[in-house]
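So the structure is just underneath, and the comments pick up after that.
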Amino acid sequence: MRQIMYSLLSVRQLVVLLVAVGAVACSSATKAPSSPSTNESVEAGGDETPPPEPCTNWISGREAQEIIREGGLLLDVRTAEEFAEGHLDGAVNIAVQDLESRLNEVPEEQHVVVYCQSGRRAHQAALLLDAEGRQVSEIGTMAQWEEDAQEGCSE
C-alpha cells in the first residue's frame, strides 16, 4: 500500500513530505544554540513551539556573516509582513510556504544562509533547499546573527 502511495507522489510532493518528516525526526537531537523559549517566541510573534533541532549545516551568526561577505545569499523565510517590520540588512524575503514554488529565485550556485524569527521555518527551508541540492546553512534566528555580531565588536 505504501509503495502505491509513494509512487503516486511527485518528486516535489515527496520533498515536502521529507521536510515534514525530517522536522519531526530532528526533534530528538541535541538542542540548537540560542533557541528562544516558547513564551519568548510567541511574544515575539514567532512560532508557538521551539524550533526543531538542526539536521542541516547549523552555523553561528559570525560564520553566516562571513559567507554573506563572500557572496552568499541571506534568505529571510518569514512572511512579507514580518519582513516589512524589520529584517537583516541585505536579506531577500521568500516566505517558507512560498519557497518551493519560488526556487528559481534562489541561485543554484550561491551558498544560502536562512533565518526566521524562532528557527523553525529556517530549518524547514534549509531541509527543502538541501533536498534540492543547494548549498545551505542555517543560523536559525535573527537574534543569533545580532548576538554574534555584538560579541565580535567587543573583542
Just to verify a result, which residue in the stretch 59-110, among those that are among the polar types (S, T, N, Q) and touching a strand residue (DSSP E or B) at 6+ places or on another chain (Cβ under 8 Å), is nearest to residue 144 (Cα to Cα)? 60
For the stretch 108-142, give me each residue that is under 19 Å from residue 86 (Cα atoms) and either aromatic (Phe, Trp, Tyr) or assigned to a loop (DSSP other than H, G, I, E, B) (or both). 115, 117, 118, 119
Of the numbered conditions (1) at pLDDT 95 or above; (2) assigned to a helix (DSSP H, G or I), residue 64 satisfies every one except a single condition; which is it? (1)
Inside the stretch 111-143, can you point out the residues that are among the basic types (Lys, Arg) and in contact with a strand residue (DSSP E or B) (Cβ under 8 Å, 6 or more places away or on another chain)? 134
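The values are calculated or read from the model by the stated rules, or taken from the named source; none is laboratory data. On a predicted model such as this, the values are computed, not experimentally measured, just so you know. Note that each Cβ is placed from the backbone with ideal geometry, even for glycine, and that neighbours are counted across all protein chains shown.
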